[in-house]
1. Sequence gap at least 6, Cα distance under 8 Å: using those rules, report the relative contact order of the stretch 193-271 to the nearest whole percent.
2. Where Rh is the Kirkwood radius over the Cα pairs of the stretch 32-95, the temperature 25 °C and the viscosity 0.890 mPa s, what D in µm²/s does Stokes-Einstein return?
3. Show me the three semi-axes of the equivalent ellipsoid for the stretch 66-147, from the C-alpha gyration tensor (sqrt of 5 times each eigenvalue), largest first, rounded to whole Å.
4. Of the heavy-atom accessible surface of the stretch 6-178 (probe 1.4 angstrom), what whole percent is carbon and sulfur?
5. Run through every distinct alpha carbon pair of the stretch 6-178 and return the Kirkwood hydrodynamic radius in angstroms, one decimal place.
6. Which value, in Å² and to the nearest 10, is the accessible area of Asp291 when all protein chains are kept and the probe is 1.4 Å?
7. One quarter of the convex hull surface, Cα atoms only: what value does that give for the stretch 176-284 in nm²?
8. Evaluate the charge dipole of the stretch 182-294 about its Cα centre and quote only its size in Debye, nearest 20, assuming +1 on the Cβ of each Lys and Arg and -1 on the Cβ of each Asp and Glu.
Amino acid sequence: MSSRCAVVRGIGEMREARERARRAGRTVSFVPTMGALHEGHLSLVDVARRHADEVVLSIYVNPAQFGAGEDLDEYPRDLERDLELAAARGVDVVFTPSDAEIYPEPQTTWVEPPEEMARRLCGLSRPTHFRGVLTVVLKLFEIVQPDVAVFGRKDYQQAVLIRRMARELQLPVRIETAPIVRESDGVAMSSRNEYLTAEDRPAARALSGALMVVRAAFRAGERSGRVLGEKARSVMQEAGVRVEYAEIVDADDLSPALEAGPSGICVIAGHVGSTRLIDNAPLAGSCSLDDSEE
Ligand code: AMP
């Protein structure tokens, strides 16, 4: 493998790289990640490449988005492997700053997401998560100054909140989203899947299984958001998942859909053993689950 990518650790150096691209008339797209790269992340690189001349990928495990007692210290990290994967996929610059670089002093200024969108679903169990995400994403945008930034629909609530932030703060960046990439058994790829044991696997599969059941019920005519949510919940519970939430929500503002329409999204979260997993799928239209649907 002959490809290499530049590895940048400092904010100043990243800004210089961006300035060089600008002077050369080259557009930049950006893929923020926390590393432990897998095919889900790399699919975002492919999308990013289609939208700009250069791709910057950041690897930064952002402490501000982890709550007390969450897996910040155990979060998987393997920079050497990540750099190889990024280079092989054609990333031009990997930006991998230190905590001291991103948080040189205690953070007291935050990007606070709208409460009605951020304090539900994942925000119920992780009340400060999304302000941590939005704050670091704004910092990264300001450092990398991308023309386009690409986020996975795997983290659906996050993608909606980032889009909202970019719009309301009038950031000069276009937000693109990319479909969920799944393992061959339907489990949505996640760095946290590394925590799953062989015994956990059937329960982990129940998340995508629940989404398929909900999509089938919608196709068969069920329109009650409550009933569809309950169907997802029971599939997961029967497989031993400790369900955190299972809801049908509006695709744009995440509000609960009492009457489910074709633009509704089923969003689910639960614990399998000690691992917290999330997944989602549109009620109608094609999605990456279709590969596993009969
Ligand atoms: P993370 O490293 O978990 O913060 O994820 C970085 C980006 O990759 C986010 O935009 C995620 O939504 C996206 N991502 C993670 N897993 C997947 C997946 N299985 N399919 C598509 N995008 C993903």
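1. Relative contact order comes out at 29 percent.
2. Answer, rounded: 197 µm²/s.
3. Equivalent-ellipsoid dimensions as semi-axes: 26, 17, 14 Å.
4. 48
5. So the Kirkwood estimate lands at 16.4 Å.
6. The value for Asp291 is about 140 Å².
7. So the Cα hull casts an average projection of 6.7 nm².
8. Once rounded to the nearest 20, the dipole reads 220 debye.
The values are calculated or read from the model by the stated rules, or taken from the named source; none is laboratory data. None of the values given here were measured: they were computed from a predicted structure. For neighbour counting, all protein chains shown are included, and Cβ atoms are generated from backbone atoms with ideal geometry for every residue, glycine included. Keep in mind that these areas ignore ligands, DNA and RNA; they rest on the heavy atoms of the full protein, side chains included. Shrake-Rupley method; radii C 1.70, N 1.55, O 1.52, S 1.80 Å.
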